[in-house]
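Asker: Pasting a structure here, questions to come.
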């Protein structure tokens, strides 16, 4: 056990750096035993480090005894070992490893951390495409087994790629916004009152009282706008006590939130948000091509397509498209999930894009603080954004006038006492502003063409899962 | 009210851009009325935009009627106005404004958002240094009034600077770590079991069961290390149900968390963390000098000093320094807050640094998962980091061996059933690793030499405050 006893000089070489340039060098490597296979006086190991792996050979001879070969052959899979060996060029490429041109001739091998002999899932099964599993009758791993054993499931090349790409989404989101002059804010998650009427909110015992978990940072973003920060963003957990057991709902997810004051028209904000999404898509396609391809190997999917500038459709146009396709919907009905999906297909066919904005939602289906459209009282200055036919962002111009806000709250039957602090925020001069909130896990899922948000949440929370 | 009726071509000029280069140009500006003062046929306004302000003059003449002057004089402070005016060079610098060389001769003025006539606090009072307030008998604003009216308090130049700098800390933290090859992770805040024994944890009603709010992302960071991410960080809320009413405790704060696998010695990690802090300090001093000076005007303080590489003291050395200064402490006693402070002074005197690492804490005062020191069983491989004599980070090598972890948990009287998932994470091969968690609000407070963590939390939460 490494207990920080000493600080040796030894340099550990990365598996990805084991190439023919290192041929005939003696190196030390720390890696996991991915597989081991004894064959007479030899033992072949595959050593894995993150998404890279290399073949290692322990053979009876000058450097290895019979005992050592036996020892190597018996190391449990997933154990971490330190290996000293000579890098040797191979004559035939090793197709099953990422380091195809060399193998490691082992001279010494130490177990750094021993894995238990029985693994709850096999990594090779966990990266097998479902189609292949079905056709060839080979094992795949179901989602609950994956999630129950997340520490192992996250080691697969697919998981490594998914979450590296997700880290990239956060980075690109912030990079783009900081370049646009936005300020990052931190908003509280424990709040004293359930802001939107109290439905779907988790209750917290707060010393001798009750408090709630914030369903969105929206009030706080808006307060920052009223406090002259002008353009703000935040990334943080969002809590929804909805008993929804679907492929795209979580009770806790990561919100990428934006709020921004504008001069004359909320489209100034909507276009900034859409451009931010485009910068994310571009950045991912430029910087994370390897990760995208790795995920595609297990979950094949079409590359993500988008237009510049982003396609904007008005709600009434979408209704017309749906009606033409045979859907019956009233002018003020909200989109159902199947209709969203269908609309996504129609838009893809007509405009060849997987990303678009749906603008001017019916006022009736939006929250009380949504600014009505000045030209059509049944419409509102609000929008959703979609990726591959699923909603990833909901946003709007917010009412910044306390009087109108009060009227709209009363219209919605909301107790004014409960939202007094919210309304008061706008009483000391408030700039017109708009914003929106993006679900990180959905963006990751839909960009990669995955089919369940639990694949893109490291430790997902839903009504039935609170562990690990 | 701007309801996004139209998209005019009008360009709004920023207040900070109103300089002599723009002399004699006609411009439109949107800003707040900071003050207004009528004087015969003239009205002087100070127009404020974030931390910049400019004098504007409405005078009876070709462009303004008597009524308009009266109208301008009566606009409530903090209202937002759109003003058209000519930029005019002034003969005498205007000392009370940031734009000292020009004033705006107003031709048109519209109220975009009217503030209520009575403000709960005056911005000029809110930025007055306490010393000046006391000497000259002028008003300052107490903390509860500030926090109760945070939307207004956050508009002051001091608040704007504090939170812009805080946004910078997060940015520098991530920038440094991403350059070092770290991956950003998102960890759940709702957890099924209170990880560290159940003290100081908030309970959440989770559908028909109880759940808890995470006191730290540590378990999840460690799981990511066991899942081969090697170097991870996260920024997110951390919850502590402690009934502590001090200048430096919050019930919800923002944690900057790091976890990293190492090769041979936890100092590899400790040094990476210390270097990250140094990169943050350097970045702040390079990029946020204006903000630092703005805060210093209201809260004077010595510039923050640090060494490169960071000073590392062992706990026993610190004990010796304290004992020499007359403090009586046992070898295995923890540091009290006053002793931490005193130690900070002693270290500053001796080494001229406001930042240092205290290494090798007594095992007895650290959590069960802390790796014991292999050379001295009473010590541990753990460290704290201090800024201006206050703790900002606590960290350690964590035990990665399930057997030793079990032994240590039993020694601490912890129910093994409750931490089974935690221990299981290390059963399938775990690399040696270490990490730590940093309190964002404390770093901001101590870097700027402020005296209360509520000054550096936008919407602080403590046992007595849950609003706004």
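The values are calculated or read from the model by the stated rules, or taken from the named source; none is laboratory data. Keep in mind it's a predicted model, so treat the numbers as computed, not measured. With ideal geometry, Cβ positions are generated from the backbone for all residues, glycine too; neighbour counts draw on all protein chains shown.
Asker: Specify the residue that is surrounded by the most Cβ atoms within 10 Å (Cβ to Cβ); the eligible residues are those in the range A:258-284 that are over 20 Å from residue A:312 (Cα atoms) and either within 14 Å of another protein chain (Cβ to nearest Cβ) or without any contact (Cβ under 8 Å) to a residue 12 or more places away in the chain (or both).
Answerer: Residues of the range A:258-284 over 20 Å from residue A:312 (Cα atoms): A:261, A:263, A:283-284.
Restricting the remaining residues to those that are either within 14 Å of another protein chain (Cβ to nearest Cβ) or without any contact (Cβ under 8 Å) to a residue 12 or more places away in the chain (or both) gives A:261, A:263, A:283.
On the way: A:261: 23, A:263: 17, A:283: 17.
Out of the qualifying residues, it is A:261.
Asker: If we keep just the residues of the range A:139-159 that are more than 9 Å from chain B (Cβ to nearest Cβ) and either in a loop (DSSP other than H, G, I, E, B) or without any contact (Cβ under 8 Å) to a residue 60 or more places away in the chain (or both), which is surrounded by the most Cβ atoms within 10 Å (Cβ to Cβ)? Steps first, please.
Answerer: Here is the first cut: in the range A:139-159, the residues more than 9 Å from chain B (Cβ to nearest Cβ) are A:139-148, A:156-158.
If we keep only those that are either in a loop (DSSP other than H, G, I, E, B) or without any contact (Cβ under 8 Å) to a residue 60 or more places away in the chain (or both) as well, we get A:139-142, A:144-146, A:156.
On the way: A:139: 12, A:140: 18, A:141: 21, A:142: 9, A:144: 11, A:145: 15, A:146: 20, A:156: 24.
For the range A:139-159, the residue satisfying everything is A:156.
Asker: If you scan the range A:79-89, which residues turn out to be more than 19 Å from residue A:25 (Cβ to Cβ) and surrounded by fewer than 22 Cβ atoms within 10 Å (Cβ to Cβ)?
Answerer: A:79
Asker: Filter the range A:202-227 for residues that are without any contact (Cβ under 8 Å) to a residue 24 or more places away in the chain and at the interface with chain B (Cβ under 7 Å from one of its Cβ atoms); which is surrounded by the fewest Cβ atoms within 10 Å (Cβ to Cβ)?
Answerer: Our first condition is that a residue be without any contact (Cβ under 8 Å) to a residue 24 or more places away in the chain; within the range A:202-227, this holds for A:203-212, A:227.
Filter once more, keeping what is at the interface with chain B (Cβ under 7 Å from one of its Cβ atoms): A:203-207, A:211, A:227.
Numbers: A:203: 16, A:204: 24, A:205: 15, A:206: 19, A:207: 13, A:211: 23, A:227: 25.
For the range A:202-227, the residue satisfying everything is A:207.
Asker: Read through the list (1) out of contact with any strand residue (DSSP E or B) (no Cβ under 9 Å at 6 or more places or on another chain); (2) within 7 Å of another protein chain (Cβ to nearest Cβ); (3) surrounded by fewer than 23 Cβ atoms within 10 Å (Cβ to Cβ), then give the number of the only condition that residue B:242 fails.
Answerer: Condition (2) is where residue B:242 drops out.
Asker: With B:55, B:99, B:92 as the choices, which residue is under 41 Å from the mean Cα position of the chain (by Cα), within 12 Å of residue B:31 (Cβ to Cβ) and in a loop (DSSP other than H, G, I, E, B)?
Answerer: Working: B:55 fails: in a loop (DSSP other than H, G, I, E, B); B:92 fails: within 12 Å of residue B:31 (Cβ to Cβ).
Only one candidate passes the filter, namely B:99.
Asker: Quick one: would you say residue B:30 is within 12 Å of chain A (Cβ to nearest Cβ), within 20 Å of residue A:265 (Cβ to Cβ) and in a strand (DSSP E or B)? Before the answer, list the steps.
Answerer: Details: within 12 Å of chain A (Cβ to nearest Cβ): yes; within 20 Å of residue A:265 (Cβ to Cβ): yes; in a strand (DSSP E or B): yes.
When the stated conditions are applied, residue B:30 passes them.
Asker: So, one more: Only one residue in A:193, A:199 is modelled with pLDDT under 95, touching a helix residue (DSSP H, G or I) at 6+ places or on another chain (Cβ under 6 Å) and either outside any helix (DSSP H, G or I) or surrounded by fewer than 22 Cβ atoms within 10 Å (Cβ to Cβ) (or both), so which one is that?
Answerer: Details: A:199 fails: touching a helix residue (DSSP H, G or I) at 6+ places or on another chain (Cβ under 6 Å).
Among A:193, A:199, only A:193 is modelled with pLDDT under 95, touching a helix residue (DSSP H, G or I) at 6+ places or on another chain (Cβ under 6 Å) and either outside any helix (DSSP H, G or I) or surrounded by fewer than 22 Cβ atoms within 10 Å (Cβ to Cβ) (or both).
Asker: Another question, if that's okay. Out of curiosity, is residue A:276 under 20 Å from residue A:451 (Cα atoms) and in the same structural domain as residue A:177 (by the TED database)? Working first, answer last.
Answerer: Details: under 20 Å from residue A:451 (Cα atoms): no; in the same structural domain as residue A:177 (by the TED database): yes.
Criteria not met by residue A:276.
Asker: Just checking, does the range A:165-174 include any residue being more than 14 Å from chain B (Cβ to nearest Cβ) and buried (at least 18 other Cβ atoms within 10 Å of the Cβ)?
Answerer: Filtering the range A:165-174 for residues more than 14 Å from chain B (Cβ to nearest Cβ) gives none.
No, every residue in the range A:165-174 fails to be more than 14 Å from chain B (Cβ to nearest Cβ) and buried (at least 18 other Cβ atoms within 10 Å of the Cβ).
Asker: If a residue must be surrounded by fewer than 24 Cβ atoms within 10 Å (Cβ to Cβ) and over 21 Å from the mean Cα position of the chain (by Cα), how many such residues does the range A:427-440 contain?
Answerer: Count: 2.
Asker: To continue, here is another question. Going through the range A:102-120 one residue at a time, which ones are touching a helix residue (DSSP H, G or I) at 6+ places or on another chain (Cβ under 8 Å) and buried (at least 19 other Cβ atoms within 10 Å of the Cβ)? Lay out the reasoning, then the answer.
Answerer: The first filter runs over the range A:102-120 and keeps only residues touching a helix residue (DSSP H, G or I) at 6+ places or on another chain (Cβ under 8 Å), leaving A:102, A:106, A:109, A:119-120.
Listed by number, the residues that qualify are A:102, A:106, A:109.
Asker: Report whether or not residue A:423 is in contact (Cβ under 8 Å) with a residue 40 or more places away in the chain and not assigned by the TED database to the domain that holds residue A:144.
Answerer: Values: in contact (Cβ under 8 Å) with a residue 40 or more places away in the chain: no; not assigned by the TED database to the domain that holds residue A:144: yes.
So residue A:423 fails the test.
Yes/no per residue for (1) within 13 Å of chain A (Cβ to nearest Cβ); (2) on the phi > 0 side of the Ramachandran plot:
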| site | (1), (2) |
| --- | --- |
| B:402 | yes, no |
| B:408 | yes, no |
| B:420 | yes, no |
| B:424 | yes, no |
| B:429 | yes, yes |
| B:443 | yes, no |
| B:447 | no, no |
| B:451 | no, no |
| B:455 | no, no |
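Asker: Now, a different point. Conditions: (1) more than 20 Å from the chain's Cα centre (by Cα); (2) under 30 Å from residue B:286 (Cα atoms); (3) surrounded by 19 or more Cβ atoms within 10 Å (Cβ to Cβ); (4) at the interface with chain A (Cβ under 8 Å from one of its Cβ atoms). Residue B:178 meets all but one. Number of the miss?
Answerer: With (1) more than 20 Å from the chain's Cα centre (by Cα); (2) under 30 Å from residue B:286 (Cα atoms); (3) surrounded by 19 or more Cβ atoms within 10 Å (Cβ to Cβ); (4) at the interface with chain A (Cβ under 8 Å from one of its Cβ atoms) applied to residue B:178, the lone miss is (3).
Asker: Can you confirm whether residue B:234 is within 11 Å of chain A (Cβ to nearest Cβ), under 19 Å from residue B:422 (Cβ atoms) and in contact (Cβ under 8 Å) with a residue 40 or more places away in the chain? Give the derivation first.
Answerer: Numbers: within 11 Å of chain A (Cβ to nearest Cβ): yes; under 19 Å from residue B:422 (Cβ atoms): yes; in contact (Cβ under 8 Å) with a residue 40 or more places away in the chain: yes.
The answer is yes for residue B:234.
Asker: Same structure again: Going by the conditions given, is residue A:379 in contact with a strand residue (DSSP E or B) (Cβ under 7 Å, 6 or more places away or on another chain), more than 19 Å from residue A:248 (Cβ to Cβ) and at pLDDT 95 or above? Let's see the steps before the verdict.
Answerer: Values: in contact with a strand residue (DSSP E or B) (Cβ under 7 Å, 6 or more places away or on another chain): yes; more than 19 Å from residue A:248 (Cβ to Cβ): yes; at pLDDT 95 or above: yes.
Yes; evaluated as a whole, the condition is true for this residue.
Asker: Considering only the range A:70-89, how many residues are touching a helix residue (DSSP H, G or I) at 6+ places or on another chain (Cβ under 8 Å) and assigned to a strand (DSSP E or B)?
Answerer: So the first thing to find is which residues in the range A:70-89 are touching a helix residue (DSSP H, G or I) at 6+ places or on another chain (Cβ under 8 Å), and the list is A:78, A:87, A:89.
Now narrow it down to the ones that are assigned to a strand (DSSP E or B): A:87, A:89.
The number of residues fulfilling the criteria is 2.
Asker: Could you tell me whether any residue of the range A:256-263 is outside any strand (DSSP E or B) and either farther than 30 Å from residue B:3 by Cα or assigned by the TED database to the domain that holds residue A:202 (or both)?
Answerer: Initial filter on the range A:256-263 (outside any strand (DSSP E or B)): A:262-263.
Next, from what is left, pick out any that are either farther than 30 Å from residue B:3 by Cα or assigned by the TED database to the domain that holds residue A:202 (or both): A:262-263.
There is at least one residue in the range A:256-263 that is outside any strand (DSSP E or B) and either farther than 30 Å from residue B:3 by Cα or assigned by the TED database to the domain that holds residue A:202 (or both).
Asker: Mind telling me which of the residues A:371, A:387 ends up being within 22 Å of residue A:435 (Cβ to Cβ), buried (at least 22 other Cβ atoms within 10 Å of the Cβ) and away from chain B (no Cβ under 14 Å)? Outline the logic, then answer.
Answerer: Working: A:371 fails: away from chain B (no Cβ under 14 Å).
Residue meeting the stated conditions: A:387.
Asker: Is one or more of the residues making up the range B:58-69 away from chain A (no Cβ under 12 Å), outside any loop (DSSP other than H, G, I, E, B) and buried (at least 20 other Cβ atoms within 10 Å of the Cβ)? Walk me through how you get there before you give the answer.
Answerer: Start the filter on the range B:58-69 by keeping residues that are away from chain A (no Cβ under 12 Å), which leaves B:58-69.
If we keep only those that are outside any loop (DSSP other than H, G, I, E, B) as well, we get B:58-59, B:66-69.
Those still in the list that are buried (at least 20 other Cβ atoms within 10 Å of the Cβ) too: B:58, B:69.
The answer is yes; a qualifying residue exists.
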